[in-house]
1. Can you confirm whether region B:81-99 contains a residue that is within 16 Å of ligand 1 (Cβ to nearest atom) and not β-branched (Val, Ile, Thr)?
2. Yes or no: A:Tyr42 more than 21 Å from A:Met144 (Cβ to Cβ), modelled with pLDDT of 95 or more and either within 16 Å of ligand 3 (Cβ to nearest atom) or of a type in the set (Phe, Trp, Tyr) (or both)?
3. Can you give me the ranges of the helices (runs of 4 or more DSSP H) entirely in region A:536-644 with at least 2 residues that are out of contact with any strand residue (DSSP E or B) (no Cβ under 7 Å at 6 or more places or on another chain) and away from ligand 2 (no atom under 16 Å from the Cβ)?
4. Can you name every residue in region A:296-326 that is closer than 15 Å to A:Val182 by Cβ and not in a loop (DSSP other than H, G, I, E, B)?
5. Report yes if B:Asn91 is facing chain A (nearest Cβ under 9 Å), surrounded by fewer than 24 Cβ atoms within 10 Å (Cβ to Cβ) and more than 13 Å from the chain's Cα centre (by Cα), otherwise no.
6. Kindly indicate whether A:Thr545 is away from every other protein chain (no Cβ under 14 Å), out of contact with any Pro (no Cβ under 8 Å at 6 or more places or on another chain) and either within 16 Å of ligand 4 (Cβ to nearest atom) or polar (S, T, N, Q) (or both).
7. Mind listing just one residue for me: the one in region A:452-503 that is within 11 Å of ligand 2 (Cβ to nearest atom) and among the small types (Gly, Ala, Ser) and, of those, farthest from the other protein chains (Cβ to nearest Cβ)?
8. Return only the number of the condition from (1) surrounded by fewer than 20 Cβ atoms within 10 Å (Cβ to Cβ); (2) touching a residue at least 12 places away in the same chain (Cβ under 8 Å); (3) farther than 28 Å from A:His280 by Cα that A:Ser59 does not satisfy.
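The values are calculated or read from the model by the stated rules, or taken from the named source; none is laboratory data. No experiment lies behind these values; they were computed from the predicted model shown. Glycine also receives a Cβ, built like all others from the backbone with ideal geometry; neighbour counts cover every protein chain displayed.
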Amino acid sequence: MEDLKSFLIEKVLLFESDTLSSDTEKVLGQVRREKPAQPVVYLSSGTSSLIAGSARTYSAIENYISENALEAKLISVGCTGPANFEPLVCVHIPGKNKLFFRNITEEKVEPLLNGVFHNDINEDDLAGQTGTKGFELWPGIPFMDEHPFFSNQKRVVLGNCGCYDPESIEEYIARGGYRSYVKAIRHYTYDEVCDIIEKSGLRGRSGGGYLTGLKWKHALNTNANARYLICNAKESDPGAFTDRTILESDPHRLLEGIAIGAYAIGASNAIIFIRSGSDHARNRLQRAIDSAREFGLFGHDIFSSGYNLDIVIKKEPGAFVCGEETALINTLEGKRGMPQLKPPYPTTAGLFGKPTVINNVETLMNVPLIMQNGPEWFRSLGTENSPGTKVFAVAGKGRMSGVVEVEMGTSIRTILEDIADGIREGKDFKAIQLGGASGSFITSEHLDLTIDFDELRENGIGMGAGGFVIIDENTCMVDLVRYYMEFIRNESCGKCIPCREGTGRMLEILESVIRKPLNEESGTTLERFKGVMQLETIASVMKDTSLCGLGQTAPNPFMSALKNFRDEFEEHIFDRKCRANICRGLRSFSIDVEKCTGCTACASKCPVNAIYGTRLQPFFIVEDKCIGCGICFDICKFSAITVK
Amino acid sequence: MSTDLDTIIKKYKQGKREDLIPLLQEIQEDQGFLSEEAIVKTGTFLGLSTTKIYGLATFYDKFRFIPAGKIQIKICHGTSCFLNGSQSIINRIKEETGINPGQTTRDGNFSYEIVSCMGGCNNGPVITVNGEFHSHVKAEQLPELIKKLKYVIDND
Ligand SMILES: Cc1cc2nc3c(=O)[nH]c(=O)nc-3n(C[C@H](O)[C@H](O)[C@H](O)COP(=O)(O)O)c2cc1C
Ligand code: SF4
Ligand code: SF4
Ligand code: FES
């Protein structure tokens, strides 16, 4: 191991020419296990596969190998993307193409490996094979990269994810890693690095789309005796998991991006601000930092370049708003994570009053690639004003889901229809929600818009950080919007009145829309409708007068749903109908006398005692008392409870 | 409880304001919650008033001032899990345990917490019970699950 380390440092990292000698390449090929002499089994090991049971799959494979005394290796890799294939197992038999198998839970391990090693493969588990030159083809098995989930993607930022062992710095270096960084600190000035990034046109991937190179220059050109680079890995939008997947799958490239960014702005300290709860990601990242330090990549006078760098991880203490940059800085300083008025921008006076650059995880992931391939290469991807790619967490009701990367300029329809393969269970498409709790809805008329900062903005849609939630006809839009509003109301820091009171009032109006009026004649319907009419005013005041992005964008889901799904709001208000049968207050339950056995289960669980009856006789529900909680419906073993 | 409070505090030699959150986090990780003693000691060490520390700690969601239950449930309430029914799981846990998120039942057995997106959206709703994942959870499974867990606690 020690030998390999000094080899990698001397023959790769510090090697002056861009092309390595063929002997070196040979060793690197071995580290990458390109032509293994023995079978290698790869298993995805991100959170999403852990949830699908990959830890048990791992032990089962380990046991299989030892029980059969096989000369085979088992390697944990990051996440390849398709969440519904998890746990994803890849088997590489020497000389042949790699084979991918999906949903390999522990009990499937033995038959699977028996099959693979005896050339009797169960087609049901197969996801596909890779097509690598010089390797034997498996006849009749489709290629993985021709699967529509992959063929419509452009995996650049995610290029390493799922391919290598995220805990092996050797493998990362063998894949070309850390060379750009070492070259930058030894041969480029700060300005040169900033220039390259500016020329590439890279824009911040957390949604705002500010030019990264320009941001770096602001910080570099501010006089100070210390500077900071902060990687924002807070990612707390409900339903977002791209940054975390990256941290778990390719921590070293992120570290390289951070290191290059820190160098470019002349900072000796970098901080990764990570979401609490992402323990798996944090552990992997910490291990990556430790091994990079052992390789001498961080520390004092790195490779005699005169540059010093220290990278630390700080765990976020739990507030959505502390992902906002000024709030983030307050949190790091040990204060309440409340946003502050800008200017001054963090690039002038940030952490401890020093110039500070805050960048999103995905933004920084692009940096080593741009340094390696040049700004022109980056500009050749994507569109004129939005070069590069964008990563999304495709979730919700699509047939395929997972972490997806597309070239900018790809249409939303491609992601929905080709990559996600349309809607599950033959249901109808309703909307896509881009951009988390403060994003807006995209309906069928907007599906041909493309992923591009400016095109989306012109159509009133924010790019968002990476949430791409597919919504089908079974979703009640009013309830979904209420959910987002409740989330934001809970997360408002309360510093400014328009946000604090506005989110509260909006939630109140929404709750009244989905509640059944106590008495039909009281004019509450009109009151509720009036509430809805006030919304536009509240929204515009919030947008104009809130201090930070949270308050400014909080009305988005609501306003965009009202615009696109007004009929559903009206149905709730006037007809007291929730077509998706979701809203508790509008559901009415009754008991089918034919099916009811009088078992009393429902009556004993009803929280408001709305169910009456005599044991072993059919029970009945008193409609006026029922609050529509649905417990009786869930609990009845005889399907005797009906919902309307 | 494992490490002594003073041992943890001593690690933060310089005792600066920016150490406050990491210090509280470390105490909580070790002891499970922030006791009055922990807050007083931290205050003395950093030269901050206890009200300041309480004010800060209550601003953030992840700090707790009572011990978590023996069985700690985390419910994902991210968008995907919500679309797949996490709301009814939260409602049901609330009804079964009679407590709100962040609280602990009086017998010290249960506590639960709501989090947003655990990263297993495809298998939602997702919950964790003492760190172990359960996917595709249905509200009607909960009474049974809780009963089983109670049994485990009682026979521990
Ligand atoms: C309420 C709020 C929450 C935010 N949360 C995050 C977050 O979780 N992750 C993130 O990268 N940026 C978040 N941002 C954006 C950051 O403030 C900042 O603009 C970003 O990290 C800059 O990175 P970029 O230039 O690389 O896009 C949030 C902004 C607001 C207003
Ligand atoms: S807009 Fe909301 S979250 Fe932002 S500072 Fe004001 S109150 Fe706090
Ligand atoms: S829906 Fe809830 S409140 Fe209504 S009868 Fe059933 S258990 Fe009782
Ligand atoms: S929303 Fe629950 S795991 Fe993502």
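1. Let us first name the residues in region B:81-99 that are within 16 Å of ligand 1 (Cβ to nearest atom), namely none.
Looking through region B:81-99, none of the residues is within 16 Å of ligand 1 (Cβ to nearest atom) and not β-branched (Val, Ile, Thr).
2. Values: more than 21 Å from A:Met144 (Cβ to Cβ): no; modelled with pLDDT of 95 or more: yes; either within 16 Å of ligand 3 (Cβ to nearest atom) or of a type in the set (Phe, Trp, Tyr) (or both): yes.
No; evaluated as a whole, the condition is false for this residue.
3. Numbers: elements: A:549-553, A:556-564, A:566-570, A:601-605, A:631-635.
Filter on region A:536-644 gives A:556-564, A:566-570, A:601-605, A:631-635.
4. Filtering region A:296-326 down to residues closer than 15 Å to A:Val182 by Cβ leaves A:296-299, A:301-309.
If the condition is that a residue be closer than 15 Å to A:Val182 by Cβ and not in a loop (DSSP other than H, G, I, E, B), then A:Gly299, A:Ile302, A:Phe303, A:Ser304, A:Leu309 are the ones that fit.
5. On the way: facing chain A (nearest Cβ under 9 Å): yes; surrounded by fewer than 24 Cβ atoms within 10 Å (Cβ to Cβ): yes; more than 13 Å from the chain's Cα centre (by Cα): yes.
It is true that B:Asn91 is facing chain A (nearest Cβ under 9 Å), surrounded by fewer than 24 Cβ atoms within 10 Å (Cβ to Cβ) and more than 13 Å from the chain's Cα centre (by Cα).
6. Details: away from every other protein chain (no Cβ under 14 Å): yes; out of contact with any Pro (no Cβ under 8 Å at 6 or more places or on another chain): no; either within 16 Å of ligand 4 (Cβ to nearest atom) or polar (S, T, N, Q) (or both): yes.
Against the criterion (away from every other protein chain (no Cβ under 14 Å), out of contact with any Pro (no Cβ under 8 Å at 6 or more places or on another chain) and either within 16 Å of ligand 4 (Cβ to nearest atom) or polar (S, T, N, Q) (or both)), A:Thr545 does not qualify.
7. Checking each candidate, the answer is A:Gly502.
8. So A:Ser59 meets the others, but not (3).
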